[in-house]
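Below is one structure; the comments refer to it alone.
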Amino acid sequence: MNTLNVLRTSLLDLLWELRDTDITIIIGGGYGIFLKTAYVNEHRIRTLLNERPESRSTNDLDLFLRPELLIHSEKLKPLSAAIEKLGYKVVETARAYQFIKSDSNGKGGIKIDFLTGPQSCFQGTKAKTDGRRVRPNPSIGLHAHPVDEAPTFEDSLLTLKVSGILSTGNAWDWEVFLPHPFSFLMMKLFAFRDRLTDESKEFSRYHALDLYSIISTTSEEEWNAFAAFRKRLGAEPHFKESGAIVEEYFSAKNKAGIIRMRESRYYRPDLQLDEFISIMKETFHS
């Protein structure tokens, strides 16, 4: 079984445990992009770009929690119980918002990152926040990492069903949500910049090519909503910073972001770089 299939089973196992609750899961990261690509291909949706890279492997699930779950922590108890029941252990360097489940050989297996919206969502609430985590109050042993560059992460979500095989061997499907491409782009721009100077360049390559994948799976309907997002966020600091990141790293083929993209083992020479650059500049112009 390949990594993406293991990840699907792990996600479905978690969703199964939450089936009788009101907890909804928003999926970001590389696996969210994989699900969007599969959805676009299955439904033959017309998108901004025709050429797409190969879907990259990942063993991470980036799961976004709505702020209300952290503000009213009793609503989050079933998720905390499910993580424990499924055998996930806390990652000590990111305690209570990253969990890992080793494979059958006791080695690194599936990792879950819990994230949420900007710290501003929690102003005036009992939840305690800093740049690393949101801590529900009262505590239930589960936190989330705030993503300040995602002020629109709950807006215009795409609803789709994930289907596959549970670890019990039974077939099952359940509803999940994906961020709007505009929100996804802002998050990935900051992720790229954060990893650009890593000694290993692999993560910056992943994030750079993920940006292309997001654009290449954006439908015409989703693109039509970009203007409203720009108008709404025009003066927002993280939107302005996104524009600066695009200008510095993705505004021409000789920029570091495009170079990292072309270094990725998932890059293909027929990808539409000129069109990608044009769309990124139009999206984040000030």
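The values are calculated or read from the model by the stated rules, or taken from the named source; none is laboratory data. This is a predicted model, so every value here is computed, not measured. For neighbour counting, all protein chains shown are included, and Cβ atoms are generated from backbone atoms with ideal geometry for every residue, glycine included. Note: accessible area is taken over every heavy atom of the protein model, side chains too, but ligands, DNA and RNA are not part of it. Shrake-Rupley method; radii C 1.70, N 1.55, O 1.52, S 1.80 Å.
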Q: Can you check what the net charge comes to around A225, using other residues whose Cβ is under 11 Å from the Cβ of A225 (Lys, Arg +1; Asp, Glu -1)?
A: -1
(Q) Taking only Cα atoms of the range 5-103, what ratio of Rg to Rh do you get with Rh as the Kirkwood inverse-distance radius? (A) 1.02
(Q) If every alpha-carbon in the chain counts as one equal scatterer, what log10 I(q)/I(0) does Debye give at q = 0.08, 0.09 1/Å? (A) -0.33, -0.42
Q. What are the residues whose amide H is under 5 Å from the amide H of L48, where those residues sit 5 or more places off or on another chain and H is modelled from the backbone?
A. T218
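Find the percent of Cα-Cα distances in the range 219-274 that exceed 18 Å, and round it to a whole number. Could you put the intermediate results ahead of the total?
Values: 805 of 1540 pairs.
Summing the P(r) of the range 219-274 above 18 Å gives 52 percent of all pairs.
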Q.
Given the -39500 (n - 2.57) contribution per DSSP H run of 4+ residues, what per-residue ellipticity at 222 nm results for the chain, rounded to the nearest 500 deg cm²/dmol?
A. -12500 deg cm²/dmol
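Find the relative contact order for the chain and round it to a whole percent, using C-alpha pairs within less than 8 Å whose residues are 6+ positions apart. Don't skip to the end; give the middle numbers.
On the way: 473 pairs, mean separation 57.9, N = 286.
Relative CO of the chain lands at 20 percent.
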Q: Between beta-carbons, use under 9 Å as the cut-off and find the net charge around R260, counting Lys and Arg +1, Asp and Glu -1.
A: +2
(Q) Net charge within 15 Å of W172 by Cβ-Cβ distance, Lys/Arg positive one each and Asp/Glu negative one each, not counting W172 itself? (A) -2
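Per residue, how many Å² of accessible area does the range 78-229 show with a 1.4 Å probe? Provide the component values of the computation, followed by the final result.
On the way: 6930 Å² over 152 residues.
So the range 78-229 comes to 46 Å² accessible per residue, rounded to a whole number.
When the Kirkwood radius is taken over all Cα pairs of the range 116-235, what Stokes-Einstein diffusion coefficient follows at 37 °C and 0.692 mPa s, in µm²/s? Mind showing how you got there, number by number?
Details: Rh = 16.9 Å.
Roughly 194 µm²/s, to the nearest whole number.
Specify the longest stretch of the chain that does not include any exposed loop site, a site being one of the GluC sites (Glu not before Pro) with a non-H, G, I, E, B DSSP assignment and at most 15 other Cβ atoms within 10 Å.
Numbers: sites that count: E51, E54, E199.
Result for the longest clean stretch: 55-198.
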Q. By how many degrees, between 0 and 90 and to the nearest 10, does the Cα long axis of helix 181-195 differ from the longest principal axis of the chain?
A. 90 degrees
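Report relative contact order for the range 1-150 in percent, whole number only (criteria: Cα-Cα under 8 Å, sequence separation at least 6). It would help to have the intermediate numbers written out before the result.
Working: 225 pairs, mean separation 34.3, N = 150.
About 23 percent, as a whole number.
State the percentage of accessible surface on the chain attributable to carbon and sulfur atoms; use a 1.4 Å probe and exclude ligands, DNA and RNA. Don't skip to the end; give the middle numbers.
Numbers: 6220 of 13590 Å².
Carbon plus sulfur share of accessible area: 46 percent.
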